[in-house]
Every structure is written in C-alpha cells, then in structure tokens.
Amino acid sequence: MSDAKNPFELMMAQAQEMARAMNPALETFSPKGAEKLWPTMPKEFMEMSFGRGLNTEGLDAKTRLLLTLAGLTMLGAQSDTQIRMTVRHALEAGATKDEIAETIAQMAMFAGIPSMTRAMEFAREVLDEAEEEGKET
C-alpha cells in the first residue's frame, strides 16, 4: 500500500517547501501578526473620512463600522482579518462590547447560526485582547 496524498496536500507541501527555500522566515509567518502591524485609526480620523465629515446629518463612524461588521457576518464571516480589524476600529470609534455582540447576534436571523458563531469568535479574540490591554470595552 502506498502513502498517497491527495492533490491538495501535495500542492500545500510544495508551496511550504517553496516558502522555506525563498525565505525561511515565512515558515513562521502569521496573518494575525501582520494584521497587528496595521494601525487603528483614531476616532476623529474615522469621523472625518467616513463618518459625519461627509454628511453632517449622516451616520457616525461607529454606526458605519457596526453596519460593516453586520455585512461581513452576512457574507458568512469568511474574512477573519477584516472582522477583527472592523471590531478593533469599532471599539476605537466608541462601540461597546455589547453593541458589537448585538450587531453580530442580529445577523443570526439573516446569515444563520454558523456565520454568527464564526464572527463572534473573531470578535471575541479582539475583545479579549482589548481587556488584557486594559482598554474599556
């Protein structure tokens, strides 16, 4: 009996070997580590860019970010980096832990429980980090 691998396993093994050959540091690359390099925008900048700076009677940055979080959840919560970054920015814009959780939970009615659960797991990672750092959530 042979120890045959499926084509996907072979492709992944080949890609990992290529990464090791080109840059040994890529072997320990973490997308989560890379996302931490992206700075969190200050609330004032968010308001100026896509909050009430565009329309003084429109939605504030916090509400826009909660809507973005709802949309990402509706898409099946497939974009873990985007969800974590949106939660981080929503916190900076003044959203509370409860508002973030409620936004995601509301999407269970439209996107289903699996999408809501997945998005909640990503959000929980950010909320836990914020609590460890002593930030109010």
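The values are calculated or read from the model by the stated rules, or taken from the named source; none is laboratory data. Just so we're clear, the structure is a prediction, and the values are computed from it rather than from any experiment. With ideal geometry, Cβ positions are generated from the backbone for all residues, glycine too; neighbour counts draw on all protein chains shown.
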task = Could you check, for the range 47-54, whether at least one of its residues is among the acidic types (Asp, Glu), surrounded by fewer than 14 Cβ atoms within 10 Å (Cβ to Cβ), over 14 Å from Met85 (Cβ atoms) and modelled with pLDDT of 65 or more?
result = no
ask   = Given the structure, is Met22 modelled with pLDDT of 70 or more and surrounded by 10 or more Cβ atoms within 10 Å (Cβ to Cβ)?
value = no
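Being surrounded by 12 or more Cβ atoms within 10 Å (Cβ to Cβ), at pLDDT 70 or above and either part of a loop (DSSP other than H, G, I, E, B) or touching a strand residue (DSSP E or B) at 6+ places or on another chain (Cβ under 6 Å) (or both) narrows it down to one residue among Leu59, Leu69; which is it?
Only one candidate qualifies: Leu59.
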key: Search result, residues across the range 91-137 that are under 25 Å from Asp60 (Cα atoms), crowded, with 19+ Cβ neighbours inside 10 Å and hydroxyl-bearing (Ser, Thr, Tyr)   = Thr103
task = Being assigned to a loop (DSSP other than H, G, I, E, B) and of a type in the set (Gly, Ala, Ser) is the filter here, so list the residues in the range 84-129 that pass it.
result = Ala93, Gly94, Ala95, Gly112
